[in-house]
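Presented below is the structure to which this report refers.
Here, each number is a calculation from the coordinates, and none is a lab measurement. All figures in this text were calculated on a predicted structure; none of them were measured in a lab. Backbone-built Cβ (ideal geometry, glycine too); neighbour counts: all protein chains shown.
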Amino acid sequence: MNNFIYENATRVYFGKGGVKEYLASILKSYGDTVMLAYGGGSIKKNGIYNEIMSILQALEKTVIEFSGIMSNPTYAKVQEGARLACENHVDFILAVGGGSVIDCCKIVSAQAKLSEDIWEMENVRKNQPVDFIPMGAIVTASGTGAEMNAGAVITHEEKKIKGALFGEQAEFVFLNPDYTLSVPFGQVISGAFDTLSHAMETYFGKPDTNNLSDDINEAVMKNVIYNIRVLLTDNKNYHARSELMWASSMAENGILKIGKITDFQAHQIEHQLGAYTDCNHGQGLAVIHPVLYRHIYRDGAERFARFAKNVWGISEKETAEQTALAGVEALADFIKEIGMPTSFSQMGISETVDFRAIADSINITSGCCRKLTHDEIYEILKECI
Ligand code: NZQ
Ligand code: ZN
């Protein structure tokens, strides 16, 4: 095990009824002006908006609504939120939604306290913000695990970069699996696949010697695979939804990363695909993962073989490489089984997209068994079409 320091500052309220029982008492300890941030309006249709609003009104909070946060939130939207927060002297941000709303709020929280541009500050001057408007989150669509970390993924449309920024971490989060019942089923599966991807991107990092983080990771991966399958036949199953919701947080709250250097090459590829096409995050990952792994499994045959045996239950073949490949193909078969796309064209991404420009703009990680080149990423992207 490598050296590590671990802390997670987010308090988790998991299960039914948590908002009703605890939100009012939590919000009493923050200031009077609350920014209620949400997406395109799903929370108005499923009753979550009314539930929260009545709590805020009973507390006589001044509510500033910040709505219309889109999937793959943009830098322009962050700036809009930061302006709104400054103009109204917001004391607290309540993010209600999926990863997009939570990510946008993390950066709004930081930008509102800065006199400089956060993109330039973090990416050019390599400084991190230290002052934030405190925030909390109510997750309505799970998968990204954004609720238990300080990282956000923001699309800078002019620069054509979908990249990580660091901002505020939610001080508390409500995870009520019932809130996810109205999420379109395709998005439920896409979110769950994103969780599996986070686990894989960590598992295939370094070192690849056995450690507790990887043992826990295998349990998370098996749990996600099992519970996605449960939802395929019983899509409102509360138990499966609750398992997937906690697995989502577990994959991104740092526990699986303890003592490891993660990979996240598939994510780097998907993010730039998103910068150019605004595609769905989990779907992009589903197409990219098997193609990427077919390119690299030979360089990490022992680790991929372990993945095949322990996660997919594949019996040992003659060579580690053969076992490894069987694991990658089991992953590819699973993606088909759960109805996720297996090509960019199935996602509606046109062949005319500039894949060369995408490939050249992708960050190359060094965490996995072999470092790729931009040319090889270009080949991977073409194989995904
Ligand atoms: O906008 P509304 O109307 O709310 O609709 C949303 C949106 O269309 C809908 N939805 C959410 N809760 C719902 C619901 N519809 C009905 N009922 C509900 N209860 O779901 C759609 C997708 O929401 P979104 O937040 O975009 O999805 P997701 O949670 O997958 O987040 C994706 C974003 O997170 C980033 C992705 O790159 C992408 O930008 N990620 C963030 C990470 C992090 N911060 O740790 C890690 C991930 O790897 C990922 O990159
Ligand atoms: Zn992801």
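On inspection, E243 does not qualify as among the acidic types (D, E) and either in contact (Cβ under 8 Å) with a residue 24 or more places away in the chain or within 16 Å of ligand 2 (Cβ to nearest atom) (or both).
Restricting attention to region 149-171, the residues that are within 27 Å of L23 (Cα to Cα) and either assigned to a loop (DSSP other than H, G, I, E, B) or out of contact with any Gly (no Cβ under 9 Å at 6 or more places or on another chain) (or both) total 7.
Looking at region 130-178 only, could you name the residues that are among the charged types (D, E, K, R) and within 23 Å of Y6 (Cβ to Cβ)?
Within region 130-178, E147, E168, E171 qualify.
Results for (1) surrounded by fewer than 22 Cβ atoms within 10 Å (Cβ to Cβ); (2) away from ligand 2 (no atom under 14 Å from the Cβ); (3) touching a residue at least 24 places away in the same chain (Cβ under 8 Å), shown as yes or no for each residue.
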| site | (1), (2), (3) |
| --- | --- |
| Y226 | yes, yes, no |
| A247 | no, no, yes |
| A251 | no, no, yes |
| G274 | yes, no, yes |
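Summed over region 109-132, the residues that are touching a Phe, Trp or Tyr at 6+ places or on another chain (Cβ under 9 Å), surrounded by fewer than 24 Cβ atoms within 10 Å (Cβ to Cβ) and assigned to a loop (DSSP other than H, G, I, E, B) give a count of 3. The condition of being out of contact with any Phe, Trp or Tyr (no Cβ under 7 Å at 6 or more places or on another chain) and in contact (Cβ under 8 Å) with a residue 60 or more places away in the chain holds for only one of Y6, Y75, Y30, Y13, that being Y6. Looking only at residues that are closer than 19 Å to E171 by Cβ and β-branched (V, I, T) in region 136-158, which one is farthest from ligand 2 (Cβ to nearest atom)? The selected residue is I138.
Among the residues of region 80-94, are any farther than 17 Å from E147 by Cα and within 16 Å of ligand 1 (Cβ to nearest atom)?
yes
Residue-by-condition table, conditions (1) among the aliphatic types (A, V, I, L, M); (2) surrounded by fewer than 12 Cβ atoms within 10 Å (Cβ to Cβ):
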site: I5; (1), (2): yes, yes
site: G15; (1), (2): no, no
site: I26; (1), (2): yes, no
site: S29; (1), (2): no, yes
site: L36; (1), (2): yes, no
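Among the residues of region 165-204, those that are in contact (Cβ under 8 Å) with a residue 60 or more places away in the chain, within 15 Å of ligand 2 (Cβ to nearest atom) and of a type in the set (A, V, I, L, M, F, W, C) comprise I189, A192, F193, M200, F204. Within region 310-331, the set of residues being buried (at least 17 other Cβ atoms within 10 Å of the Cβ) and closer than 20 Å to V220 by Cβ comprises N310, V311, W312, I314, G327, V328, A330, L331.
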